[in-house]
Amino acid sequence: MAEKIAAVTGANKGLGFSIVKGLCERFNGIVYLTSRNEKRGLEAVKKLNALGLKPQFYSLDVSDKSSIKKFADYIKTKHGGLDVLVNNAGMLELEKVYPTYEEAKRNIDVNYRSLLDIEEFLYPLLRDGARVINVSSACGHLSNLKNKKWLDVLTKQDLKTEDINYFVNNYLESLKNGTFKKEDFADDGKHAEHRISKIALTALTMVQQRKYNDRNISINAVHPGYLKTDMAQGGGETDPDDAAEIILYLILEASPNLKGVFMWHNKKLVDWYDVEGDYYYKHKD
């Protein structure tokens, strides 16, 4: 029987590092710590080695399609398949509360569009019983949106990737042509680009799960809490090791019947379609 294989993207620090640490301690298989920056990635592996843990390292830039393909080819050749994939790599330019078109596009390319390439190259390697976790946030809940046209699209029962792309491109066009409206969002549209990218990621989670419903594969999104390392600008309350626990739970303990859900950091299953709910991200000035 093939050895089980897990991979975590964006894992040289913060939440990704803590997820790798937890998997090395509890997952019965090989764990890949991946990072865009090779030097930082190898330093992270050394830190884990000092704790007696032995992750493998692979240099992976999720914003580079050829890098994703190279990693997929490597996993296929060396192991034949993948059992756990944590899509954790992400970005946010904290100082830009209202970004330019180029800044917003960069955020969306990393946080959302990279997942389309990951789906193309890595998902075909998912083995029976595989678990995929897409790391979202409070920004990824539909209550962050007020634009009825967007909400009508995203709440469609037969939502498709093309619909999500339309939503994302519609927002980017508003920045390009100067029609961006703060009132299209909760919280005055602060960090709208991050809300868009994480909503798109959460929506994609559900679309992907429907595609794989005929196979024993679980694909879920999670809001791991307000991390001390994340966009709370120093106001984060959750230590990455504690935040990693919800992701480790979904990988190692949760029922395989839990599919296409959005789980909050307290293990609550949140109704993503509750557009009037108080789940949206509140920016701290």
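Where a number appears in this text, it was derived from the coordinates with a stated rule and is not lab data. Every value quoted in this text rests on a predicted model; they were computed, and no experiment measured them. Cβ sites come from the backbone with ideal geometry, for glycine too, and all protein chains shown count toward neighbours.
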(request) Going by C-beta contacts inside 10 Å, put 272, 264, 150 in order with the fewest on the left. (result) 264, 150, 272
(request) Please arrange 261, 31 by counting, for each residue, the other beta carbons lying within 10 Å of its beta carbon, fewest first. (result) 261, 31
(request) Rounding to the nearest 20 debye, state how big the charge dipole of the chain is about its Cα centre with +1 on each Lys and Arg Cβ and -1 on each Asp and Glu Cβ. (result) 600 debye
(request) Largest first and to the nearest Å, give the Cα extent of segment 144-285 along each principal axis. (result) 47, 40, 24
(request) Sort 91, 206 so that the residue with the fewest other Cβ atoms within 10 Å of its own Cβ comes first and the one with the most comes last. (result) 91, 206
(request) Using a Förster distance of 45 angstrom, determine the FRET efficiency expected from the C-beta separation of residue 269 and residue 102, and round it to 0.05. (result) 0.75
(message) Under a crude label model (7 Å from the Cα following the beta-carbon direction), how far is residue 148 from residue 214 in nanometres?
(response) 3.9 nm
(message) Please compare each pair in 176/198; 96/146; 146/282; 105/146; 156/182 to a cut-off of 18 Å on the Cα-Cα distance and tell me which ones are over it.
(response) 176/198; 96/146; 105/146; 156/182
(request) Provide the percentage of antiparallel DSSP beta bridges, counting only those with both residues in the chain; round to the nearest 5. (result) 10 percent
(request) Kindly identify segment 39-123 as rounded, prolate or oblate by the Cα gyration tensor criterion: order the square roots of the eigenvalues as a ≥ b ≥ c, call it rounded if a/c is under 1.5, otherwise compare a/b with b/c, prolate if a/b is larger, else oblate. (result) oblate
(request) Would you mind checking the radius of gyration and Dmax of segment 1-151 based on alpha-carbon positions, in Å? (result) 16.4, 52
(message) When a/c reaches 1.5 or more, the comparison of a/b and b/c decides; with that in mind, is segment 20-83 rounded, prolate or oblate per its Cα gyration tensor?
(response) oblate
(request) For residue 78, go through the lysines and keep the ones whose alpha-carbon is under 18 Å away, minus same-chain ones fewer than eight residues off. (result) 4, 54, 69, 70
(request) Compute the Cα gyration tensor for segment 5-263, then decide on rounded, prolate or oblate, letting a ≥ b ≥ c be the square roots of its eigenvalues: rounded whenever a/c is under 1.5, prolate when a/b is larger than b/c in the other cases, and oblate in all that remain. (result) prolate
(request) Would you mind calculating the gained length between residue 3 and residue 42 on full extension (0.36 nm times residue separation, minus the Cα-Cα distance), in nm to one decimal? (result) 11.7 nm
